[in-house]
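Reading through the structure tokens given below for one structure.
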Ligand code: ZN
């Protein structure tokens, strides 16, 4: 490491420390912090976020990056760190300080306004706030846009590079055509599946024990991670020696079981990143889409398969006790794999899930690119649910207000959920050519599967883009066909 790079690394350390502090506050807010702390924590986060911005565009940072760039002989990793720093500096410096601060403040209260409106099932109470957020996001995107680049493409780019509206229109177009009719057929076939035993009254202690058992079985390392409870399950990553996941215990045990597997998938990714990338700009997953690829791969493709459950079902059923104990594995699998289109994305089954995402993508595009008025959104939302999923929300809470994302200013985020599922299916088809996945699962050899994804995906952190990782792992560019094939094979039966 050269002198100049050492200087850069020292400034990067400060940036990473601020990021870790923000992540920890957010984690605390969702898990342990008392209700009254919320507003004050939000202020602290806003202040830290401002400090982070100032640090990233400081003369110190600029000087350190420039000094590195003027010398030669950098490693590939160092080069990538400088690239990430450069992009982050560009992103942060194009927004005027005053607007950045104002938006941080707005963001801190917006989720509260959204939560209240959702509780009262009244979109009108959130609509003015949403209008302001959309204005900010469009303005910020216009500062960042390259010549001729459309605003929604700028937003998409910040979550998933190389997947613009053009690529996503094609992707979602294929999905819509294949999945809407498949869903109608599969729904009829699943109508008789009895899943009542999943919502029986199981003791909390049993649910906690099963969650811990599953996390460990899939590969979560409790020496480098924590499992806690929050309203909505999520993963927080400080670095590859401290990854925190949450779950929730509610009416249905499958909700918690598969959330744990999902978040463990996210955690394995972060835990598997190479040591030389720890606490650097590259020490996190390649993109939102690649992250969802890992979580949804373990949750659905692996976690809902017969082979996964064969060696452990007896043990898990034993933990829960009756009535699960008397339910044969086949009935359990039918229940956790049935498709029943509903209104809520986070509770959606594997088949209808992408249609929930498609609806959000179409609405975001209308909002950002076609200037559709915010007031029209509830009706547009409801119509689309009726058209694609055959269900219609009865109120705003189960319709337009259900997701937190827009209140946080996240536009362009949703497509990564569907892309991730599709990445996962592409990798799965390729893996099957290289190993007998079913046999490995039946033998409980998840270590072999983990080693494979670690070698091909996890270790690189943000060193490569998701498109590059996909191409290097599977030998071909991204294609939606594997995902459609996977769902057709599974639900066409
Ligand atoms: Zn996830």
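One line per residue, one yes/no per condition, for (1) within 30 Å of residue 79 (Cα to Cα); (2) within 16 Å of the ligand (Cβ to nearest atom); (3) surrounded by fewer than 16 Cβ atoms within 10 Å (Cβ to Cβ); (4) touching a residue at least 24 places away in the same chain (Cβ under 8 Å):
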| site | (1), (2), (3), (4) |
| --- | --- |
| 280 | yes, no, no, yes |
| 283 | yes, no, no, yes |
| 289 | yes, yes, no, yes |
| 297 | no, yes, no, yes |
| 302 | no, yes, no, yes |
| 305 | no, no, no, yes |
| 326 | no, no, yes, no |
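Tally time: how many residues in region 390-408 are surrounded by 21 or more Cβ atoms within 10 Å (Cβ to Cβ) and over 25 Å from residue 107 (Cα atoms)?
Total meeting the criteria: 0.
Can you go through 206, 215, 210 and tell me which one is at negative phi, over 21 Å from the mean Cα position of the chain (by Cα), assigned to a helix (DSSP H, G or I) and crowded, with 21+ Cβ neighbours inside 10 Å?
The match here is 210.
Among the residues in region 444-454, are any within 16 Å of the ligand (Cβ to nearest atom) and assigned by TED's automatic domain parsing to the domain that holds residue 350?
Yes.
Considering (1) in a helix (DSSP H, G or I); (2) away from the ligand (no atom under 14 Å from the Cβ); (3) in contact with a helix residue (DSSP H, G or I) (Cβ under 6 Å, 6 or more places away or on another chain), say which one residue 258 fails and leave the rest.
So the condition that residue 258 fails would be (2).
Would a scan of region 256-274 turn up a residue that is under 30 Å from residue 77 (Cα atoms), surrounded by fewer than 21 Cβ atoms within 10 Å (Cβ to Cβ) and either in contact (Cβ under 8 Å) with a residue 60 or more places away in the chain or not assigned by TED's automatic domain parsing to the domain that holds residue 88 (or both)?
Yes - at least one qualifying residue is present in region 256-274.
Restricting attention to region 47-54, does a residue exist that is at pLDDT 90 or above and more than 30 Å from residue 232 (Cβ to Cβ)?
Yes - at least one qualifying residue is present in region 47-54.
Somewhere in region 421-433, is a residue without any contact (Cβ under 8 Å) to a residue 24 or more places away in the chain and surrounded by fewer than 17 Cβ atoms within 10 Å (Cβ to Cβ)?
Within region 421-433, one or more residues are without any contact (Cβ under 8 Å) to a residue 24 or more places away in the chain and surrounded by fewer than 17 Cβ atoms within 10 Å (Cβ to Cβ).
Please work out if residue 79 is out of contact with any strand residue (DSSP E or B) (no Cβ under 7 Å at 6 or more places or on another chain), in a helix (DSSP H, G or I) and surrounded by fewer than 14 Cβ atoms within 10 Å (Cβ to Cβ).
So residue 79 fits the description; yes.
Per-residue answers, yes or no, for (1) away from the ligand (no atom under 16 Å from the Cβ); (2) farther than 29 Å from residue 491 by Cα; (3) at pLDDT below 95:
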residue: 183; (1), (2), (3): yes, no, yes
residue: 218; (1), (2), (3): no, no, no
residue: 244; (1), (2), (3): no, yes, no
residue: 251; (1), (2), (3): yes, no, yes
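Which ones in region 156-174 are in contact with a helix residue (DSSP H, G or I) (Cβ under 8 Å, 6 or more places away or on another chain) and either buried (at least 18 other Cβ atoms within 10 Å of the Cβ) or in contact (Cβ under 8 Å) with a residue 60 or more places away in the chain (or both)?
Of everything in region 156-174, those that are in contact with a helix residue (DSSP H, G or I) (Cβ under 8 Å, 6 or more places away or on another chain) and either buried (at least 18 other Cβ atoms within 10 Å of the Cβ) or in contact (Cβ under 8 Å) with a residue 60 or more places away in the chain (or both) turn out to be 156, 158, 159, 160, 161, 162, 163, 165, 168, 171, 172, 174.
Of the residues 351, 377, 333, only one is out of contact with any strand residue (DSSP E or B) (no Cβ under 9 Å at 6 or more places or on another chain), assigned to a loop (DSSP other than H, G, I, E, B) and surrounded by 15 or more Cβ atoms within 10 Å (Cβ to Cβ); which?
Only one candidate qualifies: 351.
The values are calculated or read from the model by the stated rules, or taken from the named source; none is laboratory data. A quick note: this is a predicted structure, and the numbers were derived from the prediction, not measured. All Cβ positions, even for glycine, are placed from backbone atoms using ideal geometry, and neighbour counts span all protein chains on display.
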